[in-house]
Amino acid sequence: MDPKETKTSKISFLNTTKKNNNNNNNNNNNNNNNNNNNNNNNNNNNNNNNNNNDDNNNNGENNIDIEPDDIDLLNKNDIDNIVDGIDNNNKSGSNDMKGLVFWGTTVKVEDVKERFRKFIFNFPTPKERKRFNINDINNNNNNNNNNNSEEMNDDDDYYYDEEQDKLIKKPEKVQYLYRDLLKVLNETKKCHLNINMKYLVQFDMELYLQWVSFPNEMIPLLDEEINLIYRELFPITPRNGDDEDDDDDDDEDEEDYRIELHPFNLLRKTPMRDLNPSDIDKIISISGLIIRSSSIIPEIKQAFFMCAVCEATFHANVEKGKIQEPSECSNCKSKQSLSIIHNRCLFGDKQYIKLQETPDAIPEGETPHTVALFAYGDLIDIAKPGDRVELTGVFKASPMRAGSNRSLRSIYKTYIDILHIKRTDKGKYDDDDDDHDDNTGGGGTGTGKETNENLDFEDLDEFDLSEEKEREIIELSKKPDIYDIVTKSIAPNIWELEDIKKGILCQLFGGSKKSYQDYGGKFRGDINILLCGDPGTSKSQLLSYVHKIAPRGIYTSGKGSSAVGLTAYITKDPDTKETVLESGALVLSDKGVCCIDEFDKMNDQTRSILHEVMEQQTVSIAKAGIICTLNARTSILASANPSGSRYMPKLSVVENIQLPPTLLSRFDLIYLVLDKANERSDRQLARHLVSMYWDETPVSHFTIPKETLTNYIQYARKHINPKLTDDSAKCLVQGYLEMRSMGSSKKTISATPRQLESLIRIAEAHARIRFSEFVEPLDVEEAIRLIKVALQQAAIDPENGTIDMDLITTGRSASSREAITRLKSHIKQKIGKKHLTLDQLLKLLTIQNQVQTIQQIEEIKEALRQLQDEEIIQSSGGIDPTYGVV
């Protein structure tokens, strides 16, 4: 059967059931009235029975039995149908409506309070929901309340019911979710209680829709009700102590303590660009990328006024951002005599946040949409620029003024008041212990687990790994070939490039960051990688894959990026008109991976800012009176094409991609991705590409899913911090000395201390892949192999075929420097007291077989430049300059 048909029939059946229940309720009420008039002695019994029947009817009316799978099938039209059915029921019963209602609606205040109390008291924990149905739990709870005539002994499984005159099995004890959460709040004194709205849908769909549709009325009402419930469960008890003043202060703190409800996990998540006027003053749920957050802004919650004539004082509330300023003193009747006293006003914290659509949510050919957010109280600074978040809030609109003293315009600006924030990438690529102190527990941020063993808080925010997934990941790490399995899972659609994938894998896991506060030293744990080679060798696809699996991954192109776009730029706050900083790509990818394509197309000014980022992992700003240092703790994954579109093997890496040596030396691994003609490899590559078009499952069965891979990396970064052992330290020293000795015979440097630090980081990353708490010799051996593979590709001297780190650190090999030194002496001899042009000098050196290749012509030009810098010779300048001895 079609799931949509099943879903529609269920909804129509629920609406019919609700109408029948209303009719039954009316009949019961009439019968109750007749019974009360006929017999006063049976008044109490009838009332009790009627109350129980009303409770059961209410449970049948409001408790819609919807499974989680059915909730996911509901769309906007289905929700609208349910709303219409509820409205019709409310209208049909409006004639006998008593008590307070919300203005303009038929929603009863007392009815809302009663149903909310039932939800708080009767909704079970996730473990209990697996054992019982919610209706059964409610019935058990009602039975416990009705059977108060005889105390039940905890040791007995049965109790005696006088009315039925028989033994009845005692209902099993049920653990209730929000009762236990209130106990946790009482212990921790947190001020927020998360309400999972999908739980409310299962318990009471009508209450859910009322809460979402009328948040301005429901939020203060339910906040007040949850505080009343809290005080009933945990009343304030006077304390007996020696210091009465301290006890009074504690009692005042207890009285001032208030809980706020933070709903989250709505049925429907609204795309940012689909927000429209029909969503105003309703609770919505959206997701996006935070690109800016302001400093804390003080906002008046309650204003304090004093009369200048009689000095009478008045309090004024703030409604919709406007202070209700009294125009006349009620004491002396003086007009315009009241002035605000700022230091007597009640202020609250407020923060402006700018949210932007994520790249995967932007339609083709469109620019990303943004929306303004406002956070209050404990929600401030929960999410930072660069975080991907899913938030719940109230969509609001305020009129705009044409000028400061002009009337309001018909155009409104929209914003969202945040009720709950959940970072969808929290914990991933985050291995700093000092950043794990923002766990708000029962609060409204959704950033961590509680430590209470009796509760399963994982289902509240649904972020941290479940026990089942955690066991799956740990079992996966125990496989002996886990390194190869995870490597094949990196971009499985790209054929071969095994060593490059292993290097990128080590970059994703990263090493351990070390900070020595006593000495002021700090060692980065992030690994930087550069891919250089011919076009069409899957460099950009590798970057795109890493960007997608990295939660804080930012993808940018070198040609379309400026220096301020990568770091930070100055802008004016639209509300406060202050000069503020907007974060760039490197700052947004803090604790993530920044993928830079077309790295060679960057101008020198843009590349110069990467020197500080890649080594110090900070961005220093001194603009428009703002002097600060921003964190950019990111790994750089860059790709570059040769300057001539094809890589020239006879030239070095520096000469091929025209990058400064000071920047190249900061990359831990530099890989050459060359397109070499080979019949065997070409045939295998062609088969692989063709199979991707006609075979539905071309990917190897020895890979793991992308989600599992992301969770695997997350768990390793968060929980595994490998340490060096004595054996691994000896292997590192021995490996470094062997790399240094490779060029000792030809007086070339084949390794620098930066390569040693890279060895340590890669070895730690390899240990993390195996979930090992210690770095073992096999990790060091693999790190040395990866370093050598990269050096043999990027640091090979094309003249003699040996590894020479001078090619990367200085741009010239040792043999080239020796040749330049010889040329300098020959040039001084040939010029003597003459004045020779460059062509004449080249002819003289050619006759003596000193100039044979293009490389040597470049060397003679470099020799002439060095002689001029040393002021040994001088040049006449111009297109064809002449050279002479000074």
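Among residues of segment 675-700 that are surrounded by 13 or more Cβ atoms within 10 Å (Cβ to Cβ), those with a beta-carbon under 7 Å from a residue that is among the hydrophobic types (A, V, I, L, M, F, W, C) and modelled with pLDDT under 75 at least six positions away or on a different chain give the pairs 698/692.
Please specify each residue of segment 375-404 satisfying the condition of being surrounded by fewer than 20 Cβ atoms within 10 Å (Cβ to Cβ) and of a type in the set (Phe, Trp, Tyr). Scanning segment 375-404 gives a single hit, 376.
Total residues in segment 620-641 satisfying the condition of being surrounded by fewer than 22 Cβ atoms within 10 Å (Cβ to Cβ) and of a type in the set (Val, Ile, Thr): the figure is 4.
Contact map, segment 409-435: first residue within 14 Å of residue 264 (Cβ to Cβ), second residue modelled with pLDDT under 80 and among the β-branched types (Val, Ile, Thr), Cβ cut-off under 8 Å, separation 6 or more or different chains; pairs are 420/445; 421/445; 422/445; 422/447; 423/445; 423/447.
Reported count of residues in segment 343-365, each being in contact with a strand residue (DSSP E or B) (Cβ under 8 Å, 6 or more places away or on another chain) and either outside any strand (DSSP E or B) or farther than 18 Å from residue 289 by Cα (or both), is 11.
Restricting attention to segment 298-321, does a residue exist that is in the same structural domain as residue 385 (by TED's automatic domain parsing), within 16 Å of residue 377 (Cβ to Cβ), surrounded by 13 or more Cβ atoms within 10 Å (Cβ to Cβ) and aliphatic (A, V, I, L, M)? Checking segment 298-321: at least one residue is in the same structural domain as residue 385 (by TED's automatic domain parsing), within 16 Å of residue 377 (Cβ to Cβ), surrounded by 13 or more Cβ atoms within 10 Å (Cβ to Cβ) and aliphatic (A, V, I, L, M). Take the conditions (1) over 23 Å from residue 759 (Cβ atoms); (2) modelled with pLDDT of 80 or more; (3) not in a loop (DSSP other than H, G, I, E, B); residue 662 misses just one of them, which is (1). The single condition from (1) touching a Lys or Arg at 6+ places or on another chain (Cβ under 7 Å); (2) among the small types (Gly, Ala, Ser); (3) modelled with pLDDT under 90 that residue 372 fails is (3).
The values are calculated or read from the model by the stated rules, or taken from the named source; none is laboratory data. All values reported here derive from a predicted model rather than from experimental measurement. Cβ atoms come from the backbone with ideal geometry, glycine included; neighbour counts cover every protein chain shown.
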